[in-house]
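The values are calculated or read from the model by the stated rules, or taken from the named source; none is laboratory data. Keep in mind the model is a prediction, meaning the values are calculated, not measured. Neighbour counts run over all protein chains shown; Cβ positions are idealised from the backbone, glycine included. The protein model used for the area step is the full one, side chains on, heavy atoms only, and it has no ligands, DNA or RNA in it. Shrake-Rupley method; radii C 1.70, N 1.55, O 1.52, S 1.80 Å.
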Protein chains: 2
Amino acid sequence: MADEVVLLDTWVSMFGMRVRVALAEKGVNYDYKEQDLKNKSPLLLEMNPIHKKIPVLIHNGRPICESSIIVQYIDEVWNDQSPFMPSDPYDRAQARFWVDFSDKKIYETWKKMWLSEGEEHEAGKKELISIFKQLEDALGDKIFYGGDSFGFLDIGLIPFSCWFYTFETYGNFKMEAECPKLMAWVKRCFQRKAVSNTLPDDKKVYDFVLAMEKILKNK
Amino acid sequence: MADEVVLLDTWVSMFGMRVRVALAEKGVNYDYKEQDLKNKSPLLLEMNPIHKKIPVLIHNGRPICESSIIVQYIDEVWNDQSPFMPSDPYDRAQARFWVDFSDKKIYETWKKMWLSEGEEHEAGKKELISIFKQLEDALGDKIFYGGDSFGFLDIGLIPFSCWFYTFETYGNFKMEAECPKLMAWVKRCFQRKAVSNTLPDDKKVYDFVLAMEKILKNK
């Protein structure tokens, strides 16, 4: 039986992008269904009744939810080539730790900075930069987070890079000045077609965020 | 080389208990170091500089943090018997999903109910019960969440059971009446020495929470 793979997602989601990069890395064909989160589809509500969130991967009719869990699932099912997970248990634990760290910290901190002003805005900006510095430290002098190969943590982090322009513009800082080694890693990742063909243009992300801001401020 | 295993933990932590149950299931000997979270030890700060939280497993000098990541690490390192993870990738994804769900929901919802009054308290109580009903549904008619064998999700959830008396007393409800199948699962888990010898008495947990409440209210 041929695999039937469907992805419920929204184009601008960093978490959805993880899944798209993972599927592209493994060369898996899939049916992409863009979701309207203001008007959730019956399919999304049926496939993720607990969180009602994207991304959801539907593999032969069965849903898998939560981006980092989906990426591990993809790695375990399409396991004949280029494993995402490091072979050593300690390295695997470290990769999971930093993906979990990025899940807990980046988006929440960005939201704190986004629509705030004054001291709160400055505190959010400082925290966001310090998160990326911690991630840069975790990279060290490696080519990829997975060492010589592009792996689970690389997939977990690279989607945030197409939001960097937005973070920089709202926060008035430059990632290149703050985290040059992390930015060199981003460039290396973009040499991979699975990344460069998948991630949206950073200006398009910024325009989306500007439009969202207008909607929120008019509420 | 013999394994040197150290656990930094506090006795009342549901998350620390996961690691203790996992180590007991695998028959791993370890050095337990109770931590004072009001006065964090230099060892804890060195071993978990990012979150500064327990539990931390130190295996041959190297730290692993975040309870669900530690339990997976234990399963992968001491892999000669009784695997925690289901053999099928879809079942693994489901087990990870529900552990992640419990991480995000139970403790936060309990905190919302704990020190609140009136409507907020009632909303928290309702939500907490509904979380356990969702977990009961996920169990279905299986013996354990891992099917016939006690697995990753069983380890992830069983520590919450020694907090049930506290949840019930503050919320004025009975788990037995709300979730009888879940309570039958708890009893089955307690037939395992790794659980019954590890989890603290539920009245001791309640006394601890009462004492915490007094401290917080006198602040």
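Condition check for A:F150 on (1) over 30 Å from A:N29 (Cα atoms); (2) in a loop (DSSP other than H, G, I, E, B); (3) under 15 Å from the mean Cα position of the chain (by Cα): one failure, at (1). Taking segment A:191-219 as the range and being touching a residue at least 12 places away in the same chain (Cβ under 8 Å), open to solvent by 40 Å² or more (accessible area, probe 1.4 Å) and in contact with a helix residue (DSSP H, G or I) (Cβ under 6 Å, 6 or more places away or on another chain) as the test, the residues that pass are A:D202, A:Y206. Residues of segment A:53-69 include none that is open to solvent by 40 Å² or more (accessible area, probe 1.4 Å) and at pLDDT below 95. Can you pull out the residues in segment B:107-137 that are surrounded by 18 or more Cβ atoms within 10 Å (Cβ to Cβ) and among the small types (G, A, S)? Correct list: B:G124 only. Considering only residues in segment B:138-158 that are over 18 Å from B:Y90 (Cα atoms) and free of Cβ contacts under 8 Å to residues at least 60 places away in the same chain, the one that is surrounded by the fewest Cβ atoms within 10 Å (Cβ to Cβ) turns out to be B:D141. B:A93 meets the stated requirement of being modelled with pLDDT of 95 or more, in contact with a strand residue (DSSP E or B) (Cβ under 8 Å, 6 or more places away or on another chain) and farther than 17 Å from B:D202 by Cβ. Taking the numbered list (1) within 30 Å of A:P89 (Cβ to Cβ); (2) more than 18 Å from the chain's Cα centre (by Cα) in turn, B:E127 passes all entries but (1). Residues of segment B:76-97 that are more than 9 Å from chain A (Cβ to nearest Cβ) and either surrounded by 19 or more Cβ atoms within 10 Å (Cβ to Cβ) or among the aromatic types (F, W, Y) (or both): B:W78, B:F84, B:M85, B:P86, B:A95. Within the option set A:I131, A:I215, A:I143, being among the β-branched types (V, I, T) and within 19 Å of A:R18 (Cβ to Cβ) holds for one residue only, A:I131. Consider B:V28 carefully, then state whether it is β-branched (V, I, T), outside any loop (DSSP other than H, G, I, E, B), crowded, with 16+ Cβ neighbours inside 10 Å and within 14 Å of another protein chain (Cβ to nearest Cβ). When the stated conditions are applied, B:V28 does not pass them.
The rows are residues; the columns are (1) in contact (Cβ under 8 Å) with a residue 40 or more places away in the chain; (2) within 24 Å of A:L135 (Cβ to Cβ); (3) among the acidic types (D, E).
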residue: B:M14; (1), (2), (3): yes, no, no
residue: B:S68; (1), (2), (3): yes, yes, no
residue: B:D88; (1), (2), (3): no, no, yes
residue: B:K104; (1), (2), (3): no, yes, no
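Taken together, the residues in segment A:106-128 that are touching an Asp or Glu at 6+ places or on another chain (Cβ under 8 Å) and either closer than 30 Å to B:Y73 by Cα or among the small types (G, A, S) (or both) amount to 1.
For segment A:61-73, which residues satisfy the criterion of being over 30 Å from B:N60 (Cβ atoms) and either at the interface with another protein chain (Cβ under 9 Å from one of its Cβ atoms) or assigned to a strand (DSSP E or B) (or both)? Spell out how you get there, then give the answer.
As a first pass, look at segment A:61-73 and keep what is over 30 Å from B:N60 (Cβ atoms): A:61-67, A:70, A:73.
Residues satisfying the conditions are A:R62, A:P63, A:I64, A:C65, A:E66, A:I70, A:Y73.
Of the residues contained in segment B:87-105, one or more are found to be outside any helix (DSSP H, G or I) and more than 15 Å from the chain's Cα centre (by Cα). If you filter segment A:37-55 down to residues that are touching a strand residue (DSSP E or B) at 6+ places or on another chain (Cβ under 8 Å) and within 11 Å of chain B (Cβ to nearest Cβ), you find that the one that is nearest to A:Y107 (Cα to Cα) is A:H51.
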